[in-house]
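Worksheet: one structure, shown below.
Where a number appears in this text, it was derived from the coordinates with a stated rule and is not lab data. Just so it is clear, the model here is predicted, and its values are computed rather than measured. Cβ atoms come from the backbone with ideal geometry, glycine included; neighbour counts cover every protein chain shown.
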Amino acid sequence: MKYYIVEKTTDNIRGRVNAVDAKGASLYYINKSKTTETEFNKHFKVMSEKEWNDGFNSSLQNRQSHYEWWHDEETYLDIDS
């Protein structure tokens, strides 16, 4: 299964790995970055590809559904001036 390492503060993907489970993926990244498990868990989280896609799609829909762009438009268009 494919796992992503994701920054907790920005939700940016920092890497991907194929692993059996999330614990194996986190151990891979801990060893790769040469850090402790507590430091790793403070800054990063490990998510499966499905978890990432589900979270990204739902947050994208939430952002789009609440934005009403027509309220930001002017009431007239002054094209000729």
task: Can you spot the lysines whose alpha carbon is less than 18 Å from LYS50's alpha carbon? Ignore those fewer than 8 places along the same chain.
output: LYS2, LYS8, LYS23
- prompt: Considering only the other residues whose Cβ falls under 10 Å of the Cβ of GLU7, what net charge follows from Lys and Arg at +1 and Asp and Glu at -1?
  reply: +2
message: If I stretch the segment between THR38 and ASP54 completely, what's the gain in nm (0.36 nm per residue apart, minus their alpha carbon distance), one decimal?
response: 3.1 nm
- prompt: What is the sum of charges around TRP52, taking Lys and Arg as +1, Asp and Glu as -1, for the other residues whose C-beta is under 15 Å from the C-beta of TRP52?
  reply: +1
query: How far apart, in nm, are two points set 7 Å out from the Cα along the Cα-to-Cβ line at ALA22 and at GLU7?
result: 2.1
